[in-house]
Amino acid sequence: MNIYRAAGLGLMALTLTFAAQAQSIWKWRDADGRIQISDRPPAASVPDSAIIQRPGGAVSQRPSAGQEQPVAAVAASASGVQRGDPELEAKKRKMAADKLAADQQAQQAAKDKLAAHKADTCRRARNDLSAVDGGMRIARANDKGEREFLDDKGRAAESQRLRQLVAENCQ
């Protein structure tokens, strides 16, 4: 009987330990609507209506407006990382800086590619426009693959289309 009593007391102590740990958890919705979980209370800027769970009797534990927690401390506690690990924080900052640099390089590469495409389109449109306006005979392949020459109406339409391309791409 003593074994059962000892096992029951041990189980009860373990249950109380977990219950005590669970009571020190804060849950709230941030400004973006995401649920934040921390062992520290949210900033004073979080309204009471956004707090989902708080430890028992912890209403007065929230920092006042002049005692805001640093953003790094809130982020570290929300992500489960303990404060005070400068090596980990340095790695995070480096990764964020590398990602930002890679994004900027990708944006610049896209801009350069677009500029090169516009320059090529401009060059081709100007060459084609000079051929159309110069009076050269212009032939195209129709739907059946047969060669057709542009008449005056087709030449005017092609000239208008090429002028629009020049106006859009040559600046």
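For segment 124-141, give me each residue that is part of a loop (DSSP other than H, G, I, E, B), in contact (Cβ under 8 Å) with a residue 12 or more places away in the chain and open to solvent by 80 Å² or more (accessible area, probe 1.4 Å). Break it down into steps so the answer makes sense when it comes.
Of segment 124-141, the ones part of a loop (DSSP other than H, G, I, E, B) are 134-138.
From the residues that got through so far, the ones that are in contact (Cβ under 8 Å) with a residue 12 or more places away in the chain too are 137-138.
R137, the sole residue that qualifies.
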Across segment 142-162, which residue is most open to solvent (accessible area, probe 1.4 Å) among those that are part of a loop (DSSP other than H, G, I, E, B) and not basic (K, R)? D143
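The values are calculated or read from the model by the stated rules, or taken from the named source; none is laboratory data. Remember, predicted model here, so these are calculated numbers, not experimental data. FYI the Cβ positions are ideal-geometry reconstructions off the backbone, even for glycines, and counts take in every protein chain you see. To get the accessible areas, we keep the full protein, side chains included, count just its heavy atoms, and leave off ligands, DNA and RNA. Shrake-Rupley method; radii C 1.70, N 1.55, O 1.52, S 1.80 Å.
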